[in-house]
Each structure stands twice: as C-alpha cells, then as structure tokens.
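Novice: Sharing a structure here in structure tokens format.
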Amino acid sequence: MSTYVNRLGEDPPRTGEVPTGTAVTVWSLDTTLDVVGGHRIDGAPALLDANERERAQRLVRAEDRHRFLASHVGLRVLLGGYLGLAPQDVALVREDCPCCDGPHGRPAVAGGAVQFSLSHSDELAYLAFAGVPVGIDVEATPSAAAVADVLTSLHPAETAELSALPAAEQPGALARLWSRKEAYFKGTGTGLAAGLADPYVGTGPDPAPVPGWHVTDLPAPPAYAAALALRT
C-alpha cells in the first residue's frame, strides 16, 4: 500500500469525505507555523479542550508548547473538516486501555465517526485518519547514544540486525524501526506497557508482516522516518 502524504499549511484544508473501512488519509504539518489551517496558534487555547490546554501548560519550553498547540490545532481542523464541525466543537475522548481497562487508551472522537492518530517529532507532525483503528508515527533520526540505550530492549532479531550495521547506519535504521513499532503501539492503544520486543517489525527496507495489521513506511523528509499501522 503506497500512501500519499497531504500537507496541512496555513490555509484551511480541503479534507474531502470521511475515510471509511481501510481507506486512510495522511497529513503532515510543520509545527513551527504561526497559522495552521486558517487559525493562529496564539489563539489556540480557545479551540482546545481543558485536557489539551493543561498538557500545553505543562510544557516548560516555549517552542515545545508551540509545537504541541500547532499539532493539536491541526488535528482539530482536520477532524472538523471530516465531521462538518468547527474545530472547537470536536469532542475528544479516550478509549479504555486494552491492557488494564483504564480510561487512558487510544484518543478517539466521541461517537467514533472516524479513527485518527497523531504523532509529532521536533518540527514535524503526521496525522492519519481512517475508518478502522490506525496508528502513525514520525521520528527524527536519533543519536548514537539513543541506539545504544534501546538496543538490547528490542526483539532479538532486531537487535542483531542493528548490531550488524555500520555505526553510521544504525541511527537511521533505528528511526525506521521505531516509527513502525510506535505506529503499531498507537494503533492498538497499548503503548509501551508490554515493552519494545514485540512485535518484530524489522530494520530492512520493508516492514516485517504483523498479524492483523498492515504496517507500511511513509515518505518523510531527510533526517526523519515515518510509518503507518492500519488494522486489517
């Protein structure tokens, strides 16, 4: 499955119809923009709910807060476009966690009219919308130290694959692997509760098959990797 990545910029987007079934639509966003989808980021709190505002306020660095606000304004603009609602009228909820049944599972729209996933890394955000559970992740290429930190926490075959690569290639391979694995975790709603070992997604040019899910790499700018996981 080859997935086109739309770009959300300063102007209001043309979202088209709500994706249904396994159809999926992906958007990218530069989170340093001061205007996203026709809305100024300095006015973002008026568009967000109390939980989003609280999360933004906990971010100490102004640039981190701006990136968070931009990505969530983008999410609400796109959801509003699909659902025919103003961004501030989109009601966001949390599904039950599949591990403990607590109210901290996948983010969702009240009523479940469309499934979505949001990821942001450094100055880039990716958003996915579908009719079935979906996860998306974008990762900036990590440092060599980050590779060393997680190397032994991965699936044994992934550890072996990374270890066999020249040191200069390991960070890019880890970004590719991590985006695949994180997209799957976001799609299932489990997060990192069960650790990083499973599922095996591999470090090669194409993701390894994951039962019940379609995992695919997405186009990404240099120094980033991105992936999508869609329940089949």
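Novice: Do you know which residues across the range 50-87 are loosely packed, with under 14 Cβ neighbours inside 10 Å and closer than 30 Å to T20 by Cα?
Specialist: Within the range 50-87, A50, N51, G84, A86 qualify.
Novice: Test each condition in (1) surrounded by 15 or more Cβ atoms within 10 Å (Cβ to Cβ); (2) free of Cβ contacts under 8 Å to residues at least 12 places away in the same chain; (3) among the hydrophobic types (A, V, I, L, M, F, W, C) for L192 and report the one that comes out false.
Specialist: (1) is the only condition that L192 fails.
Novice: Determine whether S28 is out of contact with any Phe, Trp or Tyr (no Cβ under 8 Å at 6 or more places or on another chain), open to solvent by less than 50 Å² (accessible area, probe 1.4 Å), of a type in the set (S, T, Y) and within 20 Å of A128 (Cα to Cα).
Specialist: No.
Novice: Is there a residue in the range 188-203 that is in contact with a Cys (Cβ under 8 Å, 6 or more places away or on another chain), of a type in the set (A, V, I, L, M, F, W, C) and within 30 Å of A23 (Cβ to Cβ)?
Specialist: Within the range 188-203, one or more residues are in contact with a Cys (Cβ under 8 Å, 6 or more places away or on another chain), of a type in the set (A, V, I, L, M, F, W, C) and within 30 Å of A23 (Cβ to Cβ).
Listed here are the residues, each with its yes/no results for (1) buried (at least 23 other Cβ atoms within 10 Å of the Cβ); (2) in contact (Cβ under 8 Å) with a residue 24 or more places away in the chain.
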residue	(1), (2)
T141	no, yes
A146	no, yes
L151	no, no
H155	no, yes
L162	no, yes
A168	no, no
L174	yes, yes
S179	yes, yes
A183	yes, yes
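Novice: For the range 208-232, which residues satisfy the criterion of being buried (at least 16 other Cβ atoms within 10 Å of the Cβ) and either in contact with a His (Cβ under 9 Å, 6 or more places away or on another chain) or modelled with pLDDT under 95 (or both)?
Specialist: Across the range 208-232, the qualifying residues are L228, A229, L230, R231.
Novice: Could you please let me know if P107 is closer than 26 Å to T232 by Cβ and surrounded by fewer than 21 Cβ atoms within 10 Å (Cβ to Cβ)?
Specialist: In short, yes.
Novice: Quick check on the range 75-94: of everything there that is of a type outside the set (G, A, S) and part of a loop (DSSP other than H, G, I, E, B), which residue is nearest to G38 (Cα to Cα)?
Specialist: It comes out as L85.
Novice: Just name the residue that is most open to solvent (accessible area, probe 1.4 Å) out of those in the range 2-13 that are modelled with pLDDT under 95 and more than 15 Å from the chain's Cα centre (by Cα).
Specialist: That would be Y4.
Novice: Here's another thing I want to ask about it. Please go through the range 1-50 and give me each residue that is touching a residue at least 60 places away in the same chain (Cβ under 8 Å), among the β-branched types (V, I, T) and out of contact with any Pro (no Cβ under 7 Å at 6 or more places or on another chain), ordered by number.
Specialist: Within the range 1-50, T3, T15, V18, T20, T22, V24, V26, T31, T32 meet the criteria.
Conditions tested, residue by residue: (1) hydroxyl-bearing (S, T, Y); (2) closer than 19 Å to I41 by Cβ; (3) open to solvent by 10 Å² or more (accessible area, probe 1.4 Å); (4) not in a strand (DSSP E or B).
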| site | (1), (2), (3), (4) |
| --- | --- |
| D96 | no, no, yes, yes |
| C100 | no, no, yes, yes |
| L118 | no, yes, yes, no |
| A128 | no, no, no, no |
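Novice: Next question, about the same structure. How many residues are in a strand (DSSP E or B) and open to solvent by 10 Å² or more (accessible area, probe 1.4 Å) when one looks only at the range 31-49?
Specialist: Residues meeting the conditions: 3.
The values are calculated or read from the model by the stated rules, or taken from the named source; none is laboratory data. Note that the structure is a prediction, hence the values are computed from the model and not measured. For neighbour counting, all protein chains shown are included, and Cβ atoms are generated from backbone atoms with ideal geometry for every residue, glycine included. We work out accessible area using only protein heavy atoms, side chains counted, and drop any ligands, DNA or RNA first. Shrake-Rupley method; radii C 1.70, N 1.55, O 1.52, S 1.80 Å.
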